[in-house]
Amino acid sequence: MLTVKRIKVDSAELGQIEALYRASFPENERRPLEPLLEDTTGHGEVLAFYDGSLFCGFACLLTCGDIAHIIYFAVEESLRGKGYGSAALKAMHAEKRGQRIIVDIERENPRAANEAQREKRRRFYLKNGYRATEVRYSWRQEEYEILSFGGAVTRPDFEHFWDELYNRYNFAGY
């Protein structure tokens, strides 16, 4: 069972998280973490996962209404394939009990240089109880699809999620 720690801008673990973040996500997909680390609205959060004292990975989430959106999720490279990713998802599911959890993944594309990684990522989420949705979108020259856990998510649900964050709650960091 992994333990979960909420990370803030002054947390000692921030260096490990930033290093894993840079190693795991291409530059065109990275956004500043500060809006999540400094959030006082209750919508953004950064979680670190530990097996005892061993740092296993992190997740960044945005929550609005009954939807929690996993924006970034990574496990230390040396620990991948050992069940830590599935354990971290279970920990997030427990943290967000009663909410629909969504994740966006790069759409499969036979011409993509990382097509094998895309297929593996999709299988990982489906194996862990996520379901395909109708939601597809483009962002920063990449095509994404939304997978959901804990209930279906429609395009209007997804659009409402972002409209609420930007317009009602003025969460402009993302």
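If exposed means no more than 11 neighbouring beta carbons inside 10 Å and the site is in a DSSP loop, what's the longest run of the chain without any exposed trypsin sites (Lys or Arg not before Pro)? Don't skip to the end; give the middle numbers.
Details: sites that count: 97, 111, 140.
Of all site-free stretches, the longest is 1-96.
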(message) Below 8 Å, C-alpha to C-alpha, sequence gap of six or more: please give me the relative contact order for the chain in percent.
(response) 18 percent
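Quick one: of 5/90; 8/82; 90/127; 82/120; 96/120, which pairs are farther than 18 Å apart, Cα to Cα?
8/82; 96/120
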(request) Would you work out which of 138, 162, 81 lies farthest towards the positive end of the dipole of the range 49-174, given +1 charges on the beta-carbon of Lys and Arg and -1 on that of Asp and Glu, about the Cα centre? (result) 81
(request) Enumerate the amide H contacts of residue 64 below 5 Å, restricted to partners 5 or more residues apart or on another chain; note that Pro and chain-start residues carry no placed amide H. (result) 69
(message) From the helices alone, meaning DSSP H stretches of at least four residues, give me the mean residue ellipticity at 222 nm for the chain, per-run term -39500 (n - 2.57), in deg cm²/dmol to the nearest 500.
(response) -8000 deg cm²/dmol
(request) Report which label in (1) 49, 36, 29; (2) 41, 39, 31; (3) 48, 48, 26 holds the value of Cα extents along the principal axes in Å derived from the coordinates of this structure. (result) (2)
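Since every read-out is calculated from the coordinates, none of them should be taken as a lab result. Quick caveat, the model's predicted, so the values are computed rather than measured. So basically every Cβ, Gly included, is an ideal-geometry build from the backbone, and we count neighbours across all protein chains shown.
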